[in-house]
Amino acid sequence: MTEDLSHHPLIVGAGPAGLAAAAVLQEAGRRPIILDEAPQPGGQGTRRLSPAMEGSRHRLFGRAAQHMSARERREDALLAKCDYRAGTLVWGAFGDEIEVMRDGRLQRIKRGPMIIASGAMDRIFPIPGWTLPGVYSIGAAQIALKRDACFIGRRVVFAGSSPLLYLAAVQYLRAGGHVAAVLDTTARGAKLRAAPGMALRGPRTLLDGLSMMLELRRAGIPIKTGVTLEGFEGGARVDVVRYRIARDRDARVECDAVAFGYGLRAESQLAELAGASFDFDMDFRQWFPKLDIDGRAGERLWLAGDGARIGGAAAAACAGQLAALSLLASEGANVPRLEIRRLRARLARWHGFQRAMARAFAPPTDGLRDLPDAAVLCRCERVSVGEVRQAIALQQGPVEVNRVKAITRCGMGRCQGRLCGLALAELTAGATGQTLEAVGRLRAQAPIRPIPVAAARRAAMGCEG
Amino acid sequence: MKEPQTFDAIIVGAGLFGCATGFFLAQRGLATAILERGHVGAQSSGANFGSLRLQGRAERQFPLSLRAQALWEDFENWVGESCEYDRTGHIYFARNDEGRAKLLEYVKAGRSAGLEIEILEGEALRRRLPFLTEDAHIACHSPRSATANPRLATPAICRAFLRQGGTLRSGCEVVRVAHRDGCFRVETAGGETLSAPFLVNAAGAWAGEIAGRFGEPVPLFGAGPPQFVTEPLPYRLRPVLQSIEGDLILRQIPRGNFIFAGYPRTRANAGGKFTFVPPRKVETGLQVIAETMPGLISAQVIRNWSGVEGYLPDMLPVIGPSSTTEGLFHAFGASGGGFQIGPAVGENLASLIVGDRPVCPLEDYAIGRFSGGAETSDRIAREFDT
């Protein structure tokens, strides 16, 4: 039972990029179909507050609160004019069909031109103790707050190397949470060196970042930079973060939760299944889909937002608009050339900014080499760093990550390689003396998210009678 | 012109057949080289279901199958490493009268070959397999059947081959093979030349090229069944479960994940390098599970994959000497059943090559059977995309 939606443009993802693309298409007289996994629009970059958190809107966002509310109302008005399907997971793509699950049932859709705006998630590198209860990613800490009106703990340490570190800590602070410390693994020197580049391209964002740090300091929250994280320790739950800083080899901070992460990792699995090819980017230490200047990745395929290039919400909106305009142009519509040039220039500036940020907030990948054998690399399949090292040492011939995955099961679990994939590549490159590019990347496979057997039941397919 | 590197035997393909043959030749003191254009055991040998099934074979296949099982049971001793061999047992189940008849035939053939097979029906069946659909009214259990991890087995045998003095060239594609004056000359893409009086064509789904080159073409094609795995669930199912109708094979590994393979098989892609699983087949696979294993209805499928296996119309491999060229031997086309027989194929082919009588008769697997037009198995229509 295939639904033929091929006469409308289709957007996967209702985050900043998807919504921006929808707005352009809708204004051009189309009725785009928007499929979004989440029950509410906004994605992660512009995640909406749940009703339980509405009362905290002004506390959390300050002067930006009104602007955000207005934006959300505009988005709702836009979505009312589109074929917007929330709670719809796109788990596979093949030719001109996409596979979808909605209300626990599988559906197949014949699609026309498609824009994938699937966003990104935290980039995680393992550290001893990272599988202890109470340890979350930075994104997860934000979701807990915004969606579930919960703090991840009563004394939270924010650790890692990302501007999101400060953003999340400030949000917790403003919401009344207790931030035990911010442990930034990036050295101040690296950030200072990158500052001119960042200032040139995104002065407001740079200032926002600095003012967040100031806000945290004013609240008396310890901020340490140039930290080397040693491990998370605890019994039933994490209760201490151990780290090294300068000459202090045994620093520790007590906590009952940790939010950590090292920047973002593009969610590009669907793009890969839809036919995009990939290039390696050393600044971001990951693979990104090949795109033209407007985000075109294939004959009827465009990609926009963090799922294609790490860029943040503002860049995502630009990219979404450009992809939509390119889609319209491909169908022979008249498109505003000046606007396109302006958007391209703006997007290029954002990408430049993010590149400078990526260099400034480089993850401590050298530390992976020093991980003890007992540390968990693949938490879903419980594969240790030692097992992976042993397997790599036994291999004959060139070693690439899919091979290591096949032998060790690393990446075969529930998270489908999202949490361990990049770490596996770093470890494999280090152990074999190859470049990060040479060891490749984990191949995407459908379903790109786990799907229940129940969803395929024939009765459930709506095929009855 | 560079002098070729000389060996006693050259094997093309480092799959299970190639590595096993290589091991037994090296063990007998022959200087043996295996040439592999990709990675050791990466295709069918590494992606198959891992079932070491004894029942459900034609009577003639039992000698090879039983000898192979003895080798699997002793794997750690002759290979020196584990392949996660586990004597899990194997159960066929039937859901209709036609299936029942076929199942009983399999029981008869297995018992004639000396296999212990238990029939399960009624209450006994419900008690043993409570989560199986009630449509299944009869089953047969072979306790000596087992499972192993295909991703580990072939690389382990290859390492044992190397320890016996064998030579491996991986990432090494064969571009030309010639035969002159009782010697095979093999040229690789990297510009190397190797020569030997014996050549073994163990090139899996790609073995048709060499066979054709030596004037004995075979109707070989590449295909693979889509396979799926669920998240880990409490460990409950030890034996491998297989429907006699051929639409499902399922097992649970001790870690708790259920692995199942579905049909129809998909043909390999144009270059024959891999078999892509169209998402449609994910849906079909899940449907079959939902129908046969209602107890797994809430399980989440987290991954799928396929591999490229070599298939022949009668669903039997080619094993044995060339019908045209002295010194050339073939071992390919196991049509989805190569994993279990692999070690015995290697052992018997090695015997044949050095001039000994193989323990298991190999006449049924002669390449010459295709010149007259071999039978087409009824499974071809049922188990493959047209």
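Can you find a residue in region B:317-329 that is touching a residue at least 24 places away in the same chain (Cβ under 8 Å), within 11 Å of chain A (Cβ to nearest Cβ) and surrounded by fewer than 24 Cβ atoms within 10 Å (Cβ to Cβ)?
Looking for residues that are touching a residue at least 24 places away in the same chain (Cβ under 8 Å), within 11 Å of chain A (Cβ to nearest Cβ) and surrounded by fewer than 24 Cβ atoms within 10 Å (Cβ to Cβ), one finds none in region B:317-329, hence no.
If I ask for residues that are more than 14 Å from chain A (Cβ to nearest Cβ) and either among the charged types (D, E, K, R) or touching a residue at least 60 places away in the same chain (Cβ under 8 Å) (or both), which ones from region B:225-246 would you list?
B:P225, B:R236, B:L237, B:R238, B:P239, B:V240, B:L241, B:Q242, B:S243, B:I244, B:E245, B:G246
Within region B:97-124, count every residue that is out of contact with any Cys (no Cβ under 9 Å at 6 or more places or on another chain), touching a residue at least 60 places away in the same chain (Cβ under 8 Å) and part of a loop (DSSP other than H, G, I, E, B).
Result for region B:97-124: 1.
Quick check on region A:368-379. Is at least one of its residues more than 10 Å from chain B (Cβ to nearest Cβ), in a helix (DSSP H, G or I) and over 24 Å from B:S82 (Cα atoms)?
yes
Working only within region A:108-136, note down all residues that are out of contact with any helix residue (DSSP H, G or I) (no Cβ under 9 Å at 6 or more places or on another chain) and either surrounded by fewer than 24 Cβ atoms within 10 Å (Cβ to Cβ) or within 15 Å of A:G43 (Cα to Cα) (or both).
Within region A:108-136, A:I109, A:K110, A:G112, A:P128, A:G129, A:W130, A:T131, A:L132, A:P133, A:G134 meet the criteria.
Only residues that are aliphatic (A, V, I, L, M) and either assigned to a strand (DSSP E or B) or in contact (Cβ under 8 Å) with a residue 40 or more places away in the chain (or both): list them for region B:148-162, please. Working first, answer last.
Filtering region B:148-162 for residues aliphatic (A, V, I, L, M) gives B:148, B:152-153, B:156-157, B:160, B:162.
Of everything in region B:148-162, those that are aliphatic (A, V, I, L, M) and either assigned to a strand (DSSP E or B) or in contact (Cβ under 8 Å) with a residue 40 or more places away in the chain (or both) turn out to be B:A148, B:L152, B:A153, B:A156, B:I157, B:A160.
If B:C158 passes every condition in (1) within 14 Å of chain A (Cβ to nearest Cβ); (2) more than 24 Å from the chain's Cα centre (by Cα) but one, which one does it miss?
(2)
Check A:R346 against each of (1) of a type outside the set (V, I, T); (2) in contact with a helix residue (DSSP H, G or I) (Cβ under 6 Å, 6 or more places away or on another chain); (3) free of Cβ contacts under 8 Å to residues at least 12 places away in the same chain and name the one condition it does not meet.
Failed condition: (3).
Which one is surrounded by the most Cβ atoms within 10 Å (Cβ to Cβ) among residues in region A:312-329 that are under 15 Å from A:G43 (Cβ atoms) and of a type outside the set (A, V, I, L, M, F, W, C)?
A:G320
Any idea which of B:G295, B:G307 is within 14 Å of chain A (Cβ to nearest Cβ), modelled with pLDDT under 90, touching a Phe, Trp or Tyr at 6+ places or on another chain (Cβ under 7 Å) and more than 22 Å from B:L199 (Cβ to Cβ)?
B:G295
I need a count of the residues in region B:168-184 that are within 14 Å of chain A (Cβ to nearest Cβ) and surrounded by fewer than 18 Cβ atoms within 10 Å (Cβ to Cβ).
Matching residues across region B:168-184 total 2.
Which ones in region A:382-418 are part of a helix (DSSP H, G or I), within 10 Å of chain B (Cβ to nearest Cβ) and touching a residue at least 40 places away in the same chain (Cβ under 8 Å)?
A:N402
Among (1) over 23 Å from A:P289 (Cα atoms); (2) away from chain B (no Cβ under 14 Å), where does A:M114 come up short?
(1)
Please name all residue pairs, on different chains or six or more residues apart, with Cβ atoms under 9 Å, provided the first residue is in region B:181-196 and is among the polar types (S, T, N, Q) and the second residue is surrounded by 17 or more Cβ atoms within 10 Å (Cβ to Cβ) and part of a loop (DSSP other than H, G, I, E, B).
Sorted first by the residue in region B:181-196, then by its partner, the pairs are B:T188/B:R37; B:T188/B:C172; B:S195/B:F7.
Looking at this structure, is A:A93 surrounded by 24 or more Cβ atoms within 10 Å (Cβ to Cβ), in contact (Cβ under 8 Å) with a residue 60 or more places away in the chain and aliphatic (A, V, I, L, M)?
So A:A93 passes the test.
Please enumerate the residues belonging to region B:254-292 that are closer than 21 Å to B:A148 by Cα, within 12 Å of chain A (Cβ to nearest Cβ), at pLDDT below 90 and surrounded by 22 or more Cβ atoms within 10 Å (Cβ to Cβ).
B:G262
Kindly state which helices (runs of 4 or more DSSP H) lie completely within region B:1-89 and contain at least 3 residues that are touching a Cys at 6+ places or on another chain (Cβ under 9 Å) and in contact (Cβ under 8 Å) with a residue 24 or more places away in the chain.
B:16-27, B:62-73
Looking at A:L79, A:L60, can you tell me which residue is among the hydrophobic types (A, V, I, L, M, F, W, C) and within 22 Å of A:C150 (Cβ to Cβ)?
A:L60
Looking at (1) under 21 Å from A:I11 (Cα atoms); (2) more than 25 Å from the chain's Cα centre (by Cα), which is the one condition that is false for A:I115?
The failed condition is (2).
For A:C463, state whether it is out of contact with any Lys or Arg (no Cβ under 6 Å at 6 or more places or on another chain), modelled with pLDDT of 90 or more and either more than 9 Å from chain B (Cβ to nearest Cβ) or on the phi > 0 side of the Ramachandran plot (or both).
no
Is there a residue in region A:19-29 that is touching a residue at least 24 places away in the same chain (Cβ under 8 Å) and touching a strand residue (DSSP E or B) at 6+ places or on another chain (Cβ under 6 Å)?
The answer is yes, given that some residue of region A:19-29 is touching a residue at least 24 places away in the same chain (Cβ under 8 Å) and touching a strand residue (DSSP E or B) at 6+ places or on another chain (Cβ under 6 Å).
The values are calculated or read from the model by the stated rules, or taken from the named source; none is laboratory data. Note that the coordinates shown come from a computational prediction; the quantities given were computed from them, not determined experimentally. All Cβ positions, glycine included, derive from the backbone under ideal geometry; neighbour counts span all protein chains shown.
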